[in-house]
1. Rounding to the nearest 10 and keeping the result within 0 to 90°, find how far the Cα-based axis of helix 136-146 lies from the longest principal axis of the chain.
2. Using only the alpha-carbon atoms, how far is helix 2-20 inclined from the longest principal axis of the chain? Give it as 0 to 90 degrees, nearest 10.
3. When the chain is treated as a GNM, springs tying every alpha-carbon pair under 10 Å, which of TYR94, TYR102, TYR50 comes out with the largest mean-square fluctuation?
4. For the chain, what are the per-bin percents of Cα-Cα distances with bins 5 Å wide, up to the bin holding the maximum?
5. Which order do the peptides 136-147, 18-29 take when ranked by the mean count of other beta-carbon atoms within 10 Å per residue, highest first?
6. Return one number: the angle in degrees, 0 to 90 and rounded to the nearest 10, between the long axis of the Cα atoms of helix 26-47 and the longest principal axis of the Cα atoms of the chain.
7. Explain nothing, just the number: relative contact order of the chain, from Cα pairs under 8 Å at least 6 residues apart, as a whole percent.
Amino acid sequence: MTVYIGQGIGIIGLLFAVISFQKNSSKGILLFQILASTAFILHFLLIGAYTGSALNFIGVVRNLLFYYIGSRRRNKSENHANKKLWLYLFIVIYIIAGSLTYKNFYSIFPIVGTIFSTVSLWIKNPKYIRLVMLPSSPCWMIYNFVNMSIAGVMTELFVMSSLIVAMLRFDLFQAPKGKSSCGIQ
């Protein structure tokens, strides 16, 4: 029964993850990533995939901190070295957490995927957030498949689709400011 509840909670996480990439601000992306990661903490705990749960827990802390740093960045009140320190610190924490919860070779994949997403969420430009985030999904897809996380596999399929749609919508086909999409001013 707990596996079914876990899958249901994962579906809620899926919805938040897909919505996150349809936001066109780093603040909006981070907010919905926090909600998605929170749902996936419970999801992975309930299906017995502890590396996934631990990495998502750290992800919530990371996203809250990056959200805070992003707010301060706009106020120019924190120097660049401190921001980079947080990025590297989280990468090290992910590697340590992944090592402590290591179950088999497949436990490496979410660590690599989470490092990609950490770097992407640290970036200010939404275009580059989406671009650097994209390789994270195949890594998590492998882990989810091996751990029979139906919600996780579905999430990564939708996240990859959502990222591609957002990249097309915001990054590739967006008309320059002051011009219509067909080039007429």
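1. Tilt of helix 136-146: around 20 degrees.
2. Orientation of helix 2-20: about 10 degrees from the principal axis.
3. In the Gaussian network model the winner is TYR102.
4. Taking all Cα pairs of the chain, the binned fractions are 1, 9, 16, 21, 19, 14, 9, 5, 3, 2, 1, 0 percent.
5. Details: 136-147: 21.2, 18-29: 18.8.
Ranking the peptides 136-147, 18-29 by packing returns 136-147, 18-29.
6. The helix 26-47 is inclined about 10 degrees to the chain.
7. Working: 246 pairs, mean separation 43.8, N = 185.
It comes to 24 percent, rounded to a whole number.
Values quoted throughout were computed directly from the atomic coordinates according to the rules given, and no laboratory measurement underlies them. Being a predicted model, the structure only gives us computed values, none of them experimental. Neighbour counts are summed over all protein chains in view; Cβ atoms, including those assigned to glycine, are modelled from backbone coordinates with ideal geometry.
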